[in-house]
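The values are calculated or read from the model by the stated rules, or taken from the named source; none is laboratory data. Values in this document were obtained by computation on a predicted structure and should not be read as measured data. With ideal geometry, Cβ positions are generated from the backbone for all residues, glycine too; neighbour counts draw on all protein chains shown. Heads up: the accessible areas ignore ligands, DNA and RNA and are worked out on the full protein's heavy atoms, side chains in. Shrake-Rupley method; radii C 1.70, N 1.55, O 1.52, S 1.80 Å.
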Amino acid sequence: MIYQQPARALIRQAVLAEPGRLEIREVTLPHPGPGEVLLQIKCALTCGTDLKAYRRGHPLWRLPAPFGHEFAGVVAEIGPEVENFRPGDALMAAPTAPCGECFYCGRGQENLCAQAIEKMILGGYADYLLIGSHVVARNAFHKPAGLPFEEAALLEPLACVVHAQERARPEKFESVLIIGAGPFGLLHMLTLRVLGVREVVVAGRGAYRLEWAGRLGADRVIDVCEIGAGEAIARINGGFGPDLVIECTGQVAGWENAFARVRRGGRVVFFGGCPLNTTLTVDTRRMHYDNLTLLAPFHFRPRDVRRAFELLCARKLGVGRIVDARRPLSELAEVFTMLERGAVLKCAVIP
Ligand SMILES: [Zn+2]
Ligand SMILES: [Zn+2]
């Protein structure tokens with residue numbers, strides 16, 4: 001594996017200064033402390049979470065903050081006590097890891113561990129990034145040589161998808177409706193395909209995204225802006241409606257739609273988080289007498305990261321096709337303008 005020893009004292013790091021304003025700053029090259037690893041970034045991917053933060057800030061990040069949380073690279077330097085990685089190793093990691101000791105971790109709900117969110121590693125859009133000891137110990141993996149860095153960087157979003165699907169438990173005979181044709185909707189679709197689910201319908205907006213959904217293997221694509229979209233969804237399962245609806249827009253209207261569209265006895269996964277201070281009102285008759293199951297999985301657990309890692313290594317998902325653009329780090333501001341326009345699904349940002 002080829003890697004460059006960091007010779008410069010200064011490196012570039014993208015910072016979200018405030019909503020709508022990205023800066024590439026020069027910062028001092030960090031050196032890893034005990035248990036830490038310095039990663040030379042080979043690829044960082046844009047994410048819907050980043051776009052949301054770019055538009056309106058993020059409830060859990062204090063700005064200005066280093067930006068980018070989906071990354072893969074090569075170990076440039078290791079700190080004392082690091083035993084599982086050596087300089088030159090290709091590494092892929094989730095940006096978070098739970099403490100393993102708190103109330104939630106003790107109940108197997110590591111996705112709710114405070115540490116997982118508070119100590120999230122941000123700063124993937126950079127030349128180098130320090131990987132904290134908590135992640136090195138629990139959620140970092142050796143990237144196989146045959147797996148491109150672009151695909152390895154999908155570990156975090158795929159772990160979220162794996163976690164959600166484990167909660168929803170899709171069955172082979174089921175018809176699944178995905179609302180939202182962005183990268184997360186498409187990752188869900190590709191994962192359901194590998195599980196062998198009978199029918200996957202993607203409902204969304206935007207000609208470019210819908211075309212991609214079809215090309216990547218959706219059985220049916222429904223443009224929600226077109227007249228008749230509602231009837232087309234209602235016809236799923238011979239008129240019973242979808243067994244499982246996965247909501248990936250993070251908009252209250254999408255959540256309401258998911259609740260309204262699922263079949264009697266079906267499950268809804270509210271996957272996309274909505275803006276702060278929004279509420280969902282549900283019809284109690286429908287909820288109870290139609291026997292609905294509502295799930296709202298958030299984040300992931302180490303076992304989901306492990307499963308996502310295995311799926312990526314097996315290379316059966318074809319997830320690499322979701323990365324449809326590549327730009328140098330210096331053009332990051334333009335990348336976010338493209339994302340805003342919906343002109344790209346997921347962009348690989350290369351230092
Ligand atoms: Zn992400
Ligand atoms: Zn914990």
*Here are G68, G79: which of them is small (G, A, S), surrounded by 15 or more Cβ atoms within 10 Å (Cβ to Cβ) and within 16 Å of ligand 1 (Cβ to nearest atom)?*
G68
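Return the total of residues in the stretch 68-110 being within 25 Å of A44 (Cβ to Cβ) and either within 10 Å of ligand 2 (Cβ to nearest atom) or at pLDDT below 95 (or both). Explain how you work it out, then say what you get.
Going through the stretch 68-110, the residues within 25 Å of A44 (Cβ to Cβ) turn out to be 68-79, 82, 84-98, 110.
Going one step further and asking which of them are either within 10 Å of ligand 2 (Cβ to nearest atom) or at pLDDT below 95 (or both), we end up with 97-98, 110.
Counting residues in the stretch 68-110 that are within 25 Å of A44 (Cβ to Cβ) and either within 10 Å of ligand 2 (Cβ to nearest atom) or at pLDDT below 95 (or both) gives 3.
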*Any chance you could count how many residues in the stretch 125-161 are open to solvent by less than 10 Å² (accessible area, probe 1.4 Å) and within 14 Å of the chain's Cα centre (by Cα)?*
8
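When you look at V202, is it more than 18 Å from K346 (Cβ to Cβ) and either surrounded by fewer than 20 Cβ atoms within 10 Å (Cβ to Cβ) or without any contact (Cβ under 8 Å) to a residue 60 or more places away in the chain (or both), yes or no?
Values: more than 18 Å from K346 (Cβ to Cβ): no; either surrounded by fewer than 20 Cβ atoms within 10 Å (Cβ to Cβ) or without any contact (Cβ under 8 Å) to a residue 60 or more places away in the chain (or both): yes.
Taking the combined requirement at face value, the residue does not satisfy it.
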*asked:* Kindly evaluate Q165 against the criterion of being under 15 Å from the mean Cα position of the chain (by Cα), open to solvent by 10 Å² or more (accessible area, probe 1.4 Å) and either without any contact (Cβ under 8 Å) to a residue 40 or more places away in the chain or away from ligand 1 (no atom under 16 Å from the Cβ) (or both).
replied: yes
_Exactly one of these conditions fails for R315: (1) modelled with pLDDT of 95 or more; (2) on the phi > 0 side of the Ramachandran plot. Give me its number._
(1)
*Just for the stretch 7-32: of the residues that are exposed (fewer than 14 other Cβ atoms within 10 Å of the Cβ) and under 25 Å from V75 (Cβ atoms), which one is nearest to ligand 2 (Cβ to nearest atom)?*
H31
*Is it the case that the stretch 160-183 has a residue that's acidic (D, E) and either closer than 17 Å to V305 by Cα or part of a helix (DSSP H, G or I) (or both)?*
yes
